[in-house]
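Nothing in this text is a laboratory measurement; each read-out follows from the coordinates by a stated rule. Please read these numbers as outputs of a predicted model, since none were measured by experiment. In this analysis, Cβ positions are derived from the backbone assuming ideal geometry, glycine residues included, and neighbour counts consider all displayed protein chains.
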């Protein structure tokens, strides 16, 4: 037993010198959008009226209506169903009290030096060179209409790379993390991939069409391959350059969906 322990410790110590850093994949922003909340911005109604103003500390909702003050101090009581879009900058002092909303994007995990941002192997803009913090400073809500005709104000989670495909989640949606677990493989070899993704409740809007995305179950992932083939080609098939970057279905992982949306956005045919 003692010999086995010594052997294990020897292997562990040797592997420490040969370990690869963990590669951090790109992700969408956190959907933890606290609105109504003290702060400033612009609300655009479904009638097309843009009202620049603020939510003030105190009563934010009264009888189901948002209490929004314009720049002249006039109170506008607005039903949420009458809102088309919100561009909102939360009050930073209030945010500190509630630890949110989190505008992190998966580019640097907690400043951990063992994690390195993924470098794309294509001649496109690199996510690590983009100022996500500045781009994500405003919370953007947009009214999304579903196939059944109903609609909802949802959080745009790809600010700054949404010109071709917009990604939405419901407010307070949570991201699933992967690749940060402590296991024997990581101890011995290090490396691997880490990141965050929405396992469900993510919607992608391409033009007028809305697609609901969900992480494929294990059987479907490897047998039917609905995301790696069907969904991937539906979303990106019209971008020949994009498709040439990911020609093999094995390269198309649902967990890296944010990367694909980024590359598609930054790539021209």
Next on the checklist: 7 Å from Cα along Cα→Cβ at both residue 125 and residue 89: what's the point-to-point distance in nm?
Outcome noted: 2.1
Checklist entry - When ranked by the protection proxy of mean other Cβ atoms within 10 Å per residue, highest first, what sequence do the peptides 161-172, 27-38, 79-90, 117-128 form? => result 27-38, 161-172, 79-90, 117-128
Checklist outcome for this item: Expected unfolding gain across residue 135-residue 70 under the 0.36 nm per residue rule, minus the alpha-carbon gap, is 21.0 nm
Checklist outcome for this item: Once both label points are put 7 Å beyond Cα along the C-beta direction, the residue 78-residue 238 separation in nm becomes 3.1
